[in-house]
Amino acid sequence: MTLKDKYAIVGIGYTPQGTVSDRTTLDFHLEACADAIADVGLKREDIDGLVCYRYFPPAPGEGDVTPYLVAQHLGLEPAYLAQDAN
């Protein structure tokens, strides 16, 4: 297998850790993704894939945060969506 003509540009986004009042799980995902997009210097329309990682189950009263939901809130239309979870 060769990596010729295949690439990934990856940005980093992070959020405060611990108990942060008045913030939802989706808020944290959106902040981290927006920061990662800014970090890598791309425009939203340049994004063609989104992979979300979920370590913890949804918080009480919150629904599951899916890659589709994150993409929708960020105004992205990626060709590839995936989620990894423990």
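Around ALA32, with a cut-off of 13 angstrom between Cβ atoms, what is the net charge of the other residues, counting Lys and Arg +1 and Asp and Glu -1? That works out to -2. Ranking ILE9, THR25, PHE56 by Cα position along the charge dipole of the chain, where only Lys, Arg, Asp and Glu carry charges on their C-beta atoms, puts ILE9 farthest toward the positive end.
Of VAL51, VAL65, the sequence from fewest to most neighbouring Cβ atoms within 10 angstrom is VAL51, VAL65. A simple count of charges around ILE12, restricted to other residues whose Cβ falls under 15 Å of its Cβ and scoring Lys, Arg +1 and Asp, Glu -1, yields -3.
Kirkwood hydrodynamic radius, computed over distinct alpha-carbon pairs, for the range 46-86: how many Å, to one decimal? Let's see the in-between values first.
Values: mean 1/r = 0.0918 Å⁻¹.
Kirkwood hydrodynamic radius for the range 46-86: 10.9 Å.
Cβ crowding within 10 Å, taken as a proxy for footprinting-reagent exposure, orders ILE9, ILE37 from fewest neighbours to most as ILE9, ILE37.
None of the figures in this text is laboratory data; all of them are computed from the coordinates on show. All of these numbers come straight from a predicted model, not from anything done at the bench. Please note: Cβ atoms are built from the backbone with ideal geometry, for glycine as well, and neighbour counts cover all protein chains shown.
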